[in-house]
1. Please enumerate the residues belonging to region 95-148 that are β-branched (Val, Ile, Thr) and surrounded by fewer than 18 Cβ atoms within 10 Å (Cβ to Cβ).
2. Mind listing just one residue for me: the one in region 24-64 that is in contact (Cβ under 8 Å) with a residue 12 or more places away in the chain and among the acidic types (Asp, Glu) and, of those, nearest to Ser137 (Cα to Cα)?
3. Is it the case that some residue within region 623-635 is closer than 28 Å to Val249 by Cα, at pLDDT below 95 and basic (Lys, Arg)?
4. Counting just the residues of region 384-403 that are touching a Lys or Arg at 6+ places or on another chain (Cβ under 9 Å) and surrounded by fewer than 21 Cβ atoms within 10 Å (Cβ to Cβ), which one comes out farthest from Ala247 (Cα to Cα)?
5. Looking only at region 272-320, count every residue that is part of a helix (DSSP H, G or I), acidic (Asp, Glu) and free of Cβ contacts under 8 Å to residues at least 12 places away in the same chain and tell me the total.
6. Would region 712-734 turn up any residue that is of a type in the set (Phe, Trp, Tyr), modelled with pLDDT of 90 or more and either in a strand (DSSP E or B) or touching a Lys or Arg at 6+ places or on another chain (Cβ under 7 Å) (or both)?
7. When you look at Gly680, is it of a type in the set (Gly, Ala, Ser), assigned to a loop (DSSP other than H, G, I, E, B), under 24 Å from the mean Cα position of the chain (by Cα) and crowded, with 21+ Cβ neighbours inside 10 Å, yes or no?
8. Across region 552-588, which residue is surrounded by the most Cβ atoms within 10 Å (Cβ to Cβ) among those that are β-branched (Val, Ile, Thr) and either within 16 Å of Asp737 (Cα to Cα) or touching a residue at least 40 places away in the same chain (Cβ under 8 Å) (or both)?
Amino acid sequence: MVAGGGGVNKYTIAVRALCEFTAKVGDLDLRFTPSPTAQEGMAGHATVTGRRDDDYQREISLAGDFGPLHVRGRADGYDPARRQLEEIKTYRGDLSAMPANHRQLHWSQARIYGHLLCQQLNLPMLRVALVYFDIASQKETILHEECTSEALRIFFEQHCTLFLDWAEQELAHRDSRDRQLTAMAFPHAGFRPGQRQLAEAMYKASNRGCCLLAQAPTGIGKTVGSLFPMLKATAAHGLDKLFFLAAKVPGRQMALDACAILKNSAPLLPLRVLELSAKSSACEHPDKACHGESCPLARGFYDRLPLAREVALASGLILDKEALRAIALQQGVCPYYLGMELARWSDVVIGDYNYYFDLSAMLYGMTLAHDWKVNVLVDEAHNMVSRARGMYTAELEHIALKGLRKFAPEPLKKPLDRLSRQWSALLKEQGDDYLVHAALPEKFFGALQGVATAIGDYMAEHAASLDEDLQRFYFDVLLINRLAESFGDHSLFDVSKTATGSTICIRNIVPAPFLKPRFEASHSTALFSATLSPWNYYNDTLGMPAGTAWVDVDSPFVAEQLAVRVADNISTRYQHRAASLLPIVQLMAKQYAAAPGNYLAFFSSFDYMEKTATLFAQHFPDVPTWQQPRRMDDAARTQFLGRFGLETRGIGFAVLGGAFGEGIDLPGARLIGAFIATLGLPQINPVNEQIRQRMGDIFGAGYDYTYLYPGMQKVVQAAGRVIRTQTDKGVVYLIDDRFARPEVRQLLPTWWDVQLTDKFTQPAA
């Protein structure tokens, strides 16, 4: 982090970050070691410091300078009577099995804290101690050394010197970046209609340091229209980073393309752009474990990292997945972990939502640890509610417990048996297949915590021979226990009886309490999508901060471009599905005959889609049709979209809310119309009914927040596939009588001219 003061730029770095840069050596080693949870770690620290005398000083803020470097941190504790500084580390298992490079890193941190303390208190001597605290046994192992203040000063200056060249390089980069961003002009001849309005709203939100909900229609260039103002704000408002988060891969690609446009328009701009991809897709050796004895890209990782880091940043390339991979393999390091390292030094980081918003979000953790000032862009933000719910939901299957009990090592049998008994007791309480508990059952979660502790202790002693099923179950247990710690009205605890046994679940309903700290940690977070109304639904469920701004960007399209017709003489309700098939087929055929071309037809389920497609093919065999497969890989998706050519004709049948309802671009003759045979309402089932009840209790809008708003968001997204540019023309049929209701119609885009069945007699030409 760079800070200016008195005309001199200072580079501020945390003690831990400095040591990770200068003292990490050897292999990347991610062999499973059951390290304590954050809560256990804090409890361990409290236990250790609680054992000390009354005059013991806890969490001492320390800072010192070396040239342009400002080093700061918080030492765990200081015993003035013994003149002993303590760096406390919690662990499980055999301390002697700790890798030597880990121990080296710990000593480096302790010695630098030692120097800063000597400087602050003017001490000539200091005992520097590493206190290793075993979570299981509650025992301390203390390693210590007597140090002169002079020796600690020399150690501090050596490490600062190792970092100094890099810090000066970063200061120069930051200065050049900000000057070029200040001078950067918009990359096109002018703004598209609506694009300037979006860009201004983004910049003003950053200027105010508030969050923003922006509804911006398709076709205005949202990605460039958001990145450009936020990059200008980066220079103007003293920001360290810009995070661009997308729900799906196409969104990341659009951001990468927009960054390329911006970089090409400003040749002198030294903008570092990094794409983060999932570990599963970035791993070069999925058959090998992440340590030097197994994977060649983990062997000597930290020894080769400095050169790899330098080469990557000096390349001037946009470091997308492929560019990063090429550099990593050239330097003999793991692409995934090189990407994680480069996130520290990049200006724009592009990745999935989970990198900032989930429980163990890397970018969020880095932002807090390094005190970064960041802006966050959230693309296609209508996905955030469902995605965030998934991030804060955890379940456990009884079949996994049964399987584990059969082969469990002896030390684990009793805690697993206890959990099994408590699980059986839960099942006895319910007559129905689905039950929501008013509170977390204490005995069950006590047994679950006991299992977590027992497995953790066992694995600490047998780390070399890990059972995959045991490890997987352990992680599932840890997650559900972690969510139990913050259980409240925002979540449900439910038990479902299934064909294979039963499942227990902590199910998040309202992600707001979890997301609020994420919004607070950013300078400004802007969420944007073509469908973000009504704004209060997203404001409430996502927990947007007070003062969040809202903008509804004017559409660049006009009513004459899109004929929107409501077939209100047809019902697509479940009980009317069979009767609706022939009228829908006839409506589609009539429109196709009047204006042959490419159409998409959306249905609420695969069953409904398949029955309609079959009937259509029987009655109108001359019209080309194709269907979305139930299981679809990238090749099948490409094949489906490939049927929509400039010279082709036909109807593609798809499921609303699936792969083709959003995020696809078929401009001009590639798509001229859509039939949407559903309101997209989520299925009425016990889970959704519980969500409806909870939404009613919290927000007083149970049906709207659970069914109507999420359903209509899918409808508008699907309809948005038809008009992509200002020259496109097309037709959308909304097939269901409920589309005629005022409360439904008010959720449709304001620029649409909606006609009911009795207002139109002829198909759109």
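1. Residues of region 95-148 that are β-branched (Val, Ile, Thr), as a first pass: 112, 128, 131, 135, 141-142, 148.
The answer is Thr141, Ile142, Thr148.
2. Selected residue: Glu40.
3. yes
4. The selected residue is Ala400.
5. Summing the residues that are part of a helix (DSSP H, G or I), acidic (Asp, Glu) and free of Cβ contacts under 8 Å to residues at least 12 places away in the same chain in region 272-320 gives 1.
6. Going residue by residue through region 712-734, those that are of a type in the set (Phe, Trp, Tyr) are 733.
From the residues that got through so far, the ones that are modelled with pLDDT of 90 or more too are 733.
If we keep only those that are either in a strand (DSSP E or B) or touching a Lys or Arg at 6+ places or on another chain (Cβ under 7 Å) (or both) as well, we get 733.
Yes; the residues of region 712-734 include at least one that is of a type in the set (Phe, Trp, Tyr), modelled with pLDDT of 90 or more and either in a strand (DSSP E or B) or touching a Lys or Arg at 6+ places or on another chain (Cβ under 7 Å) (or both).
7. On the way: of a type in the set (Gly, Ala, Ser): yes; assigned to a loop (DSSP other than H, G, I, E, B): yes; under 24 Å from the mean Cα position of the chain (by Cα): no; crowded, with 21+ Cβ neighbours inside 10 Å: yes.
For Gly680, the condition - of a type in the set (Gly, Ala, Ser), assigned to a loop (DSSP other than H, G, I, E, B), under 24 Å from the mean Cα position of the chain (by Cα) and crowded, with 21+ Cβ neighbours inside 10 Å - is not met.
8. Taking region 552-588 and keeping what is β-branched (Val, Ile, Thr), we get 553, 558, 564, 566, 570, 572, 584-585.
Checking the rest, the ones that are also either within 16 Å of Asp737 (Cα to Cα) or touching a residue at least 40 places away in the same chain (Cβ under 8 Å) (or both) come to 553, 558, 564, 566, 570, 572, 584.
Numbers: Val553: 23, Val558: 11, Val564: 21, Val566: 26, Ile570: 19, Thr572: 22, Ile584: 23.
So, considering only residues that are β-branched (Val, Ile, Thr) and either within 16 Å of Asp737 (Cα to Cα) or touching a residue at least 40 places away in the same chain (Cβ under 8 Å) (or both), the one surrounded by the most Cβ atoms within 10 Å (Cβ to Cβ) is Val566.
The values are calculated or read from the model by the stated rules, or taken from the named source; none is laboratory data. Source: prediction; values computed, not measured. Don't worry about glycine lacking a Cβ; one is built from the backbone with ideal geometry, like all the others, and counts go over all protein chains shown.
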